[in-house]
Amino acid sequence: MKTQIYTMQTVAEAIAAAGVGVDYLGVTPSNRGLPGEISFAKAREITDALKGKAKRVALSVESDLEAIVEMVDAVQPDVLHLCGDIELVTPEHVKTLRTRLLAKHPDLQILQAIPMTGPEALDHAARFEPFADIFILDSVAAHIGGIGAAGVTHDWSLSREIVKRSKRPVILAGGLKPENVLAAIEAVRPWAVDSLTHTNFPLPEGGFRKDIDKIAAFVAAATRA
């Protein structure tokens, strides 16, 4: 069972997270007020430091394809995580984006977020499947831009159905933490599991740092599955 953890804030915590066995480590290069967002320059520092230690994932909620390409060029991730509005970045847009990016970054993978808002998620996954390398099934919150960072679970029976139908590896996300990740894996049987909100250490002045002890517990629980 592979694990993915968002969102790294510093080089030191990214190295520490890789050290406790996380397979995929995410950064949020943005200036949109997203949880844990950092500058392109800071994200590049982190991806450079993680080379050879973990797969490096960079998230985008943008709908402007030029902005997405600019971010990938600046940050140089192994995986581009698309989690913007799927009505604005459609499967055809992802097809175009894939062609453009792979011409410059031939090893880049595309991780497509599927909003787990109801049975329509099954259709969304089917539409994106030809153009994505990996899916991430995530919850949606009205106060958070894009798909994810909601901190709550969704209907795992729908997630399980996507896992059964999909030809792509599937990451389960949404409200996962050390205490429930084993149950989630047993219910959904995903390829990997992801955590952001419940592996954070909130700071008094706002924002957060990653809690390496919680990350280690999350990895241990997922590994037991």
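The values are calculated or read from the model by the stated rules, or taken from the named source; none is laboratory data. Since the model is a prediction, treat every value here as computed from it, not as a measurement. When we count neighbours, we look across all protein chains shown, and the Cβ atoms used for this are built from the backbone with ideal geometry, even at glycine. Accessible surface areas use protein heavy atoms only, side chains included; no ligands, DNA or RNA. Shrake-Rupley method; radii C 1.70, N 1.55, O 1.52, S 1.80 Å.
Computed values, structure above
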item: Distance between modelled label sites at ALA183 and ALA74, nm, 7 Å Cα→Cβ extension; result: 4.1 nm
item: Spin-label pair ALA126/SER39, simplified geometry with 7 Å Cα→Cβ offset, distance in nm; result: 4.7 nm
item: Extension gain, ALA16 back to ALA141 (0.36 nm per residue minus Cα-Cα distance, nm); result: 42.1 nm
item: Simple spin-label estimate for LYS95 and PHE208 in nanometres, 7 Å along Cα-Cβ; result: 3.7 nm
item: Nearest-0.05 FRET efficiency for ARG32 and SER157, computed from C-beta distance (R0 30 Å); result: 0.40
item: Solvent-accessible area, 1.4 Å probe, carbon plus sulfur percent, for the chain; result: 51 percent
item: Shape category assigned to the chain from the gyration tensor of Cα positions, a/c cut at 1.5; result: rounded
item: DSSP loop trypsin sites (Lys or Arg not before Pro) with at most 16 other Cβ within 10 Å: longest gap in the chain; result: 54-166
item: Cα Rg, Dmax, the stretch 1-94, angstrom units; result: 13.0, 38
item: Solvent-accessible area per residue, Å², over the chain with all protein chains present [probe radius 1.4 Å]; result: 43 Å²
item: Cβ-defined net charge surrounding VAL11, 13 Å radius [Lys, Arg +1; Asp, Glu -1]; result: +4
item: Exposed-loop-free span, longest in the chain, where GluC sites (Glu not before Pro) count as exposed if DSSP calls them loop and at most 16 other C-beta atoms lie within 10 Å; result: 88-178
